[in-house]
Ligand SMILES: Cc1cc2nc3c(=O)[nH]c(=O)nc-3n(C[C@H](O)[C@H](O)[C@H](O)COP(=O)(O)OP(=O)(O)OC[C@H]3O[C@@H](n4cnc5c(N)ncnc54)[C@H](O)[C@@H]3O)c2cc1C
Ligand code: SF4
Ligand code: SF4
Ligand code: FES
């Protein structure tokens, strides 16, 4: 089949914060840039980020990037790469100013500077008093940032493919990535986009779990696309369960609520975080707070008729604080939990939220894979944002560091892409065989006949992941999970689409997303089973301690054969001293 | 509002149109087991799980992405923040009015996006930027509340009669709200230029203050007030 083709200097897949900030860097470079997004750009999930973005501006309390770096390394449970972390914390400051100049309507302090709030895991002076580092636009920071970036891209006349879905990367025999196969959702027509570089900025994969804070579209597409061209995924066992999702629904109640003075209570009205984290209390790191909630519930101190949640108390705060700083949270609580936090506490339970792991990259957004001597960049392939792993979050991400990550590394990838295209100015020949491999999933779903449907398979997968790769993980539970998932993956081959029509066929898109969810789910389950220690978000009652001797290393999962490999953590920062591993107490 | 704890069946009638097989649209009846706390989006998903040929847009599920504007019993709303318990059965769900239908509840929003783009929706500065943030007082920042939160769902513009009648000339409430968002930003330095661009009998002045836009905005924003502010500033500008 001869498919339509178009050529661009560079292709960006994803129009969230990472993709749009990369596009903006490239806009003035004279290169032709295509941005492909399966939803209209401002519908990307960055829009949902509430609390804010970290940068040591020191507008409210004393601060500097080095303290921010320490908190991030400690928060990562010493699995983050210290060179990348130093870089991110330094770049945070100019990045936030640049956003402000781009028009982001940050909340303000009386003197006109950007408002900053307290978030979990932040300290002054390397573990001292609480810091206030999170720059916020009320509790709609992601919305404010995403819209401003989209607007700036309109100004810069970026070329958008809105509501186009990327199916697979095109990677040739020599390992060079030559673009991607995409389809236009409205017409169902496939298109080959040839590009000298391709940036994956496809966001997270929270939809692999049943109860999650993520949008319907967060199906790990970019991660799965990388897996399918032989690139491993890194540290996928580290999945963050945010402590405060609305019980039974999963919608997020921002950590900003605790930053503004809210706290958690159990059925006895006890502020239980004082027991688990005497110093930081409710603003301990997310993994710590989530485990504490689970323990309270397991030990019978949960609230409600089913004792299945705890309460987030806000009603002691002034109504004006809630109106000014947390208007979106108040709205969500009313709609989804049926409570007005001004008068009643919000029922919460941990919700699957964020993937620390992802496509391995270096500090410049280049995708790197192991080679005989260390590692090498995959020519033409970049990744940034939640789908990537730089690795700045290690085993546990701090609140406010993800918006930062996507913006800093999105921008930097844009810069590196510019240099790469200058040095590699010609399109390479694209072989028909490469296209055939890429189009296979599309053709596979064209088969007629009976078989399990997509919605049913998705539901089964999500429950399986929740039961076997949740907050607490033991060998037996995880082994059973991998076994079941292996069986389910075999059934997937028999699943069928009923609707094979072309125009805006959402069923087909969901089928392609289902393939991706399986690839990513397996990466999480297998990586988790292999790591025999507790670190950050990966918590094993059968191996309760962190084991730096054996396990201070990054995992790499390969799809072919479901095999694991490992690589060392980069403990040497760029200019400062290493922060050596220490017990992590809050 | 009648509300029971158990599951009970509820009748829905959904607008269906498939360009490849249908010569004209039809309404199709479905029954959904609804339960307490269920949103319209959940009901639409339940329908889709049974009948995958049914298409609608949605994503965040929490009223922030603006994907799932639909017309329900004659009123535009977001499916994901509309509790089914507030709806009168049989619940009639149609695409947002006045836009070409691509399939089922999915409409072509290009014109709406073009109008948004036509107001130059980005911050314009003539002075070079400072090294730090551009200072803005909390009072000036407060001016943006009620404007910057727009999620571009289109509920307002597609229920505005002036927008139906003059879609190519009248900018519609969403684009005008966006224009106000930049005119009222103390950091923006193109106020006069922005106001000039709204001159003429149509772009702005076709708004007859019918207020449909205000009633339907799921974020509680008030485009009519924003339009009023623009009008006032233009008058002041002209004097
Ligand atoms: C509810 C919530 C609140 C949060 N709050 C905060 C916070 O306060 N602070 C913070 O730092 N972080 C927060 N986070 C995390 C942070 O928002 C995300 O990690 C981040 O926004 C991800 O950005 P991104 O650019 O990588 O991806 P996204 O914004 O998810 O964008 C992904 C893009 O890829 C496109 N795409 C995906 N697959 C395909 C495909 N196959 N074909 C074409 N296009 C595709 C999508 O259309 C979209 O444009 C929050 C997350 C959630 C869920
Ligand atoms: S008030 Fe103006 S913009 Fe709003 S619906 Fe009426 S005519 Fe349209
Ligand atoms: S003003 Fe309200 S109704 Fe109109 S697009 Fe914005 S959010 Fe939607
Ligand atoms: S699904 Fe995002 S606004 Fe309804």
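Only one of these is within 11 Å of chain B (Cβ to nearest Cβ) and in contact with a strand residue (DSSP E or B) (Cβ under 9 Å, 6 or more places away or on another chain): A:149, A:57, A:79. Name it.
Sole residue among the options that is within 11 Å of chain B (Cβ to nearest Cβ) and in contact with a strand residue (DSSP E or B) (Cβ under 9 Å, 6 or more places away or on another chain): A:57.
Exactly one of (1) away from ligand 4 (no atom under 16 Å from the Cβ); (2) surrounded by fewer than 24 Cβ atoms within 10 Å (Cβ to Cβ) is unmet by residue A:40. Its number?
Here residue A:40 clears every test but (1).
For region B:87-101, state whether one or more residues are surrounded by 15 or more Cβ atoms within 10 Å (Cβ to Cβ), over 30 Å from residue A:115 (Cα atoms), within 14 Å of ligand 3 (Cβ to nearest atom) and free of Cβ contacts under 8 Å to residues at least 60 places away in the same chain.
yes
Just checking, does region A:452-467 include any residue being on the phi > 0 side of the Ramachandran plot and in a loop (DSSP other than H, G, I, E, B)?
Looking through region A:452-467, none of the residues is on the phi > 0 side of the Ramachandran plot and in a loop (DSSP other than H, G, I, E, B).
Report whether or not residue A:255 is away from chain B (no Cβ under 14 Å) and surrounded by fewer than 24 Cβ atoms within 10 Å (Cβ to Cβ). I'd like the intermediate steps shown before the answer.
Details: away from chain B (no Cβ under 14 Å): yes; surrounded by fewer than 24 Cβ atoms within 10 Å (Cβ to Cβ): no.
Taking the combined requirement at face value, the residue does not satisfy it.
In region B:42-63, what count of residues is obtained for those that are within 14 Å of chain A (Cβ to nearest Cβ) and touching a residue at least 40 places away in the same chain (Cβ under 8 Å)?
Total satisfying the criteria: 7.
If residue B:53 satisfies all but one of (1) closer than 28 Å to residue B:220 by Cβ; (2) touching a strand residue (DSSP E or B) at 6+ places or on another chain (Cβ under 9 Å); (3) surrounded by fewer than 20 Cβ atoms within 10 Å (Cβ to Cβ), what's the number of the condition it fails?
Answer for residue B:53: the failing condition is (1).
Could you check, for region B:69-90, whether at least one of its residues is within 16 Å of ligand 4 (Cβ to nearest atom), more than 29 Å from residue B:162 (Cβ to Cβ) and part of a strand (DSSP E or B)?
Yes, region B:69-90 contains at least one residue that is within 16 Å of ligand 4 (Cβ to nearest atom), more than 29 Å from residue B:162 (Cβ to Cβ) and part of a strand (DSSP E or B).
Could you tell me whether residue A:487 is part of a helix (DSSP H, G or I) and within 27 Å of the chain's Cα centre (by Cα)? Reasoning before the result, please.
Working: part of a helix (DSSP H, G or I): yes; within 27 Å of the chain's Cα centre (by Cα): no.
No: the conditions fail for residue A:487.
Suppose we filter A:198, A:244 for residues that are more than 12 Å from chain B (Cβ to nearest Cβ), within 27 Å of residue A:308 (Cα to Cα), in a strand (DSSP E or B) and in contact with a strand residue (DSSP E or B) (Cβ under 8 Å, 6 or more places away or on another chain); which single one remains?
Residue meeting the stated conditions: A:244.
Out of the residues in region A:87-145 meeting the condition of being touching a strand residue (DSSP E or B) at 6+ places or on another chain (Cβ under 6 Å) and away from every other protein chain (no Cβ under 14 Å), tell me which one is farthest from residue A:329 (Cα to Cα).
Applying the filter and picking the extreme gives A:131.
What's the number of the condition residue A:203 fails, among (1) at pLDDT below 95; (2) within 14 Å of another protein chain (Cβ to nearest Cβ); (3) within 12 Å of ligand 1 (Cβ to nearest atom)?
The number of the failed condition is (1).
Residue B:8 fails exactly one of the following numbered conditions: (1) within 16 Å of ligand 4 (Cβ to nearest atom); (2) out of contact with any helix residue (DSSP H, G or I) (no Cβ under 7 Å at 6 or more places or on another chain); (3) away from chain A (no Cβ under 11 Å). What is the number of that condition?
(1)
How about region B:14-41: which of its residues are farther than 29 Å from residue B:150 by Cα, outside any loop (DSSP other than H, G, I, E, B) and touching a residue at least 60 places away in the same chain (Cβ under 8 Å)?
B:27, B:29
Looking only at helices (runs of 4 or more DSSP H) that fall completely inside region A:273-388, which ones have 3 or more residues that are more than 14 Å from every other protein chain (Cβ to nearest Cβ) and buried (at least 21 other Cβ atoms within 10 Å of the Cβ)?
Where helices (runs of 4 or more DSSP H) fall fully within region A:273-388 and carry at least 3 residues being more than 14 Å from every other protein chain (Cβ to nearest Cβ) and buried (at least 21 other Cβ atoms within 10 Å of the Cβ), they are A:286-298.
In this structure, does residue A:438 turn out to be closer than 30 Å to residue B:20 by Cα, in contact (Cβ under 8 Å) with a residue 12 or more places away in the chain, away from every other protein chain (no Cβ under 14 Å) and crowded, with 18+ Cβ neighbours inside 10 Å?
yes
Which of the residues belonging to region B:132-149 are in contact with a helix residue (DSSP H, G or I) (Cβ under 6 Å, 6 or more places away or on another chain) and either within 16 Å of ligand 1 (Cβ to nearest atom) or more than 8 Å from every other protein chain (Cβ to nearest Cβ) (or both)?
Passing the criteria: only B:147.
Which residues, taken from region B:156-180, are closer than 30 Å to residue A:101 by Cα and in contact (Cβ under 8 Å) with a residue 60 or more places away in the chain?
Across region B:156-180, the qualifying residues are B:156, B:172, B:174, B:175, B:178, B:179.
Is one or more of the residues making up region B:211-233 within 13 Å of ligand 2 (Cβ to nearest atom), at pLDDT 95 or above, crowded, with 17+ Cβ neighbours inside 10 Å and within 14 Å of chain A (Cβ to nearest Cβ)?
Within region B:211-233, one or more residues are within 13 Å of ligand 2 (Cβ to nearest atom), at pLDDT 95 or above, crowded, with 17+ Cβ neighbours inside 10 Å and within 14 Å of chain A (Cβ to nearest Cβ).
Residue by residue through region B:152-185, note down the ones that are away from chain A (no Cβ under 14 Å), surrounded by 24 or more Cβ atoms within 10 Å (Cβ to Cβ) and either within 16 Å of ligand 4 (Cβ to nearest atom) or part of a helix (DSSP H, G or I) (or both).
B:155, B:156, B:157, B:158, B:159, B:163, B:172, B:173, B:176
I'm trying to understand the selection: among the residues of region B:114-131, which are more than 7 Å from chain A (Cβ to nearest Cβ), within 22 Å of residue B:174 (Cβ to Cβ) and in contact (Cβ under 8 Å) with a residue 12 or more places away in the chain? Write out each step before concluding.
First, pick out the residues of region B:114-131 that are more than 7 Å from chain A (Cβ to nearest Cβ): B:114-116, B:118-120, B:124-128, B:130-131.
Now restrict to residues that are within 22 Å of residue B:174 (Cβ to Cβ): B:114-116, B:118-120, B:124.
Selection gives B:115, B:116, B:118, B:119, B:120, B:124.
The values are calculated or read from the model by the stated rules, or taken from the named source; none is laboratory data. Here the structure is a predicted model, which means the values were calculated and not measured. No Cβ is skipped: glycine too gets one built from the backbone with ideal geometry, and neighbour counts run over all protein chains shown.
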